[in-house]
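The values are calculated or read from the model by the stated rules, or taken from the named source; none is laboratory data. Quantities reported herein were computed from a predicted structural model and do not represent experimental measurements. Cβ coordinates were reconstructed from backbone atoms using ideal geometry, including for glycine residues, and neighbour counts include every protein chain displayed. Accessible surface is based on the protein model in full, side chains and every heavy atom, while ligands, DNA and RNA are left aside. Shrake-Rupley method; radii C 1.70, N 1.55, O 1.52, S 1.80 Å.
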Amino acid sequence: MKKRLILLATLICFARAEEVKLTPKQEKNWDITVAKPERADSYPLGRIIVEVVTPPTLLHTISLPFEANVQKLYAAKYQKVQKGEILAEVTGTKWIEVQQKAIADAIEYRHHKHLTERKIMLCKEEIIPQKECKAARAELETDKIRIAAAKALLESYGADRESIETLFKTLKIARTVKVKSNVAGSIIVLNATPGKSTNPSDALFVIKQKGPLWIEANIEALRTLKLKEGERVRLSVADKMFESRVLQLSDVINRENQTRRVRFSVPETVQLASGLMLSADLIVFGDVLKLKKSAVIKEGGTQIVFMKTQFGFRAIPVEVMAEDDTFYYIKPSPLLKGKVAVNSLAILKNLLGGNDE
């Protein structure tokens with residue numbers, strides 16, 4: 001608070017000392033016109049190069065935990081698919097082996113189930129001791145756990161619940177497994193080719209789900225000082241103007257070009273293609289004064305305007321926040337309460353004794 005008072009006192013002293021007294025006739029002769037600074041709720045931070053990016057939460061990878069041979073392919077790259085749609089049919093030795101193991105577990109479970117049922121009847125009639133029934137029940141529970149594990153393994157291999165239930169019911173091995181889409185979206189990566197084997201570490205498909213995208217840009221570090229995470233901004237991209245938010249400011253500045261990576265949100269209603277790179281205008285919200293560039297002139301190392309007074313014009317120092325082709329956007333000041341000169345500033349400056357024009 002003390003620093004602000006000192007700064008305000010300095011500005012007032014400067015304004016009182018830097019004053020030009022003019023008569024109405026002199027103003028008319030020198031064709032000096034005045035205008036009141038306009039209030040604005042935003043100002044441009046400049047033009048930046050942006051890239052449209054897909055958030056990782058919208059990318060869904062479909063892969064298999066075994067080396068598979070693609071028997072049939074039902075989808076193509078960039079094709080739109082629905083959730084549950086069959087994309088391919090594949091087979092592999094591991095797929096056959098895991099089914100064989102599941103069938104063996106199912107047969108053993110059925111055997112122990114019948115055996116346990118008979119022992120329970122005998123226990124009720126006290127023909128055999130109760131401990132044998134307890135042991136049979138415990139063994140049956142172990143078999144149930146093996147069945148649950150076998151179903152989970154089959155599901156991880158790409159089998160759906162219907163085909164898993166069919167396997168345990170019929171005890172017949174399916175030669176192929178159907179690979180289905182787990183989301184609705186567009187295929188942006190396709191590594192499956194009919195007749196060729198796939199590596200377990202490779203993604204068969206990558207599907208981009210529909211949803212709001214991101215815009216990312218490398219912005220000069222000094223310009224990012226006016227930005228805060230969560231702050232509301234406005235972007236003008238590809239003839240589309242929309243409100244956005246600063247999602248993230250990178251903690252690291254690129255030492256080579258002194259830029260900082262900034263991430264912005266994109267409303268879902270704004271249609272932009274992922275991967276697109278183009279220029280954009282970044283607009284920041286804030287209370288500023290808008291003045292034509294002709295109304296500001298430099299005096300030494302300070303930018304000033306000439307405010308109209310009762311007896312002439314007073315030089316007021318201003319802080320320029322931003323600019324565009326036509327206007328300067330100035331930080332509001334308690335000294336700027338009236339109209340300012342918008343032309344013939346060189347004349348007014350010379351009357352102050354300045355040499356630089």
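Given the residues Leu278, Leu289, Leu282, which is the only one that is hydrophobic (A, V, I, L, M, F, W, C), surrounded by 15 or more Cβ atoms within 10 Å (Cβ to Cβ) and under 31 Å from the mean Cα position of the chain (by Cα)? Don't jump to the end; show me each part of the working.
On the way: Leu278 fails: surrounded by 15 or more Cβ atoms within 10 Å (Cβ to Cβ); Leu289 fails: under 31 Å from the mean Cα position of the chain (by Cα).
After applying the criteria, what remains is Leu282.
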Checklist entry - Can Val98 be described as modelled with pLDDT of 90 or more, buried (at least 16 other Cβ atoms within 10 Å of the Cβ) and either within 30 Å of Lys298 (Cα to Cα) or not assigned by the TED database to the domain that holds Thr176 (or both)? => result no
Checklist entry - Here are Val177, Val189, Val206, Val233: which of them is under 21 Å from Gly84 (Cβ atoms), in contact (Cβ under 8 Å) with a residue 40 or more places away in the chain and touching a Lys or Arg at 6+ places or on another chain (Cβ under 9 Å)? => result Val189
Item to check | Filter result for the condition that a residue is open to solvent by less than 50 Å² (accessible area, probe 1.4 Å), assigned to a helix (DSSP H, G or I) and not hydroxyl-bearing (Ser, Thr, Tyr), over Ala75, Ala106, Ala135 | outcome: Ala106
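Give Ile32, Ile48 a once-over and let me know the one that is open to solvent by less than 60 Å² (accessible area, probe 1.4 Å) and touching a helix residue (DSSP H, G or I) at 6+ places or on another chain (Cβ under 8 Å). Spell out the reasoning first.
Values: Ile48 fails: touching a helix residue (DSSP H, G or I) at 6+ places or on another chain (Cβ under 8 Å).
Every option except Ile32 fails the conditions.
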Next on the checklist: Among the residues of segment 282-308, what is the count of those that are assigned to a strand (DSSP E or B), closer than 17 Å to Ala341 by Cα and among the aliphatic types (A, V, I, L, M)?
Outcome noted: 6
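Can you name the residue in segment 180-200 that is in a loop (DSSP other than H, G, I, E, B) and under 27 Å from the mean Cα position of the chain (by Cα) and, of all such residues, is surrounded by the most Cβ atoms within 10 Å (Cβ to Cβ)? Outline the logic, then answer.
Filtering segment 180-200 for residues in a loop (DSSP other than H, G, I, E, B) gives 181-184, 191-196, 199-200.
Within this subset, residues satisfying the condition of being under 27 Å from the mean Cα position of the chain (by Cα) are 181-184, 191.
Details: Ser181: 19, Asn182: 14, Val183: 16, Ala184: 15, Asn191: 16.
In this case the residue turns out to be Ser181.
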Item to check | Tabulated pairs, segment 67-96, first in contact (Cβ under 8 Å) with a residue 12 or more places away in the chain, second part of a helix (DSSP H, G or I) and open to solvent by 40 Å² or more (accessible area, probe 1.4 Å), C-beta under 9 angstrom, 6+ apart or interchain | outcome: Glu67/Thr93; Glu67/Lys94; Ala68/Lys94
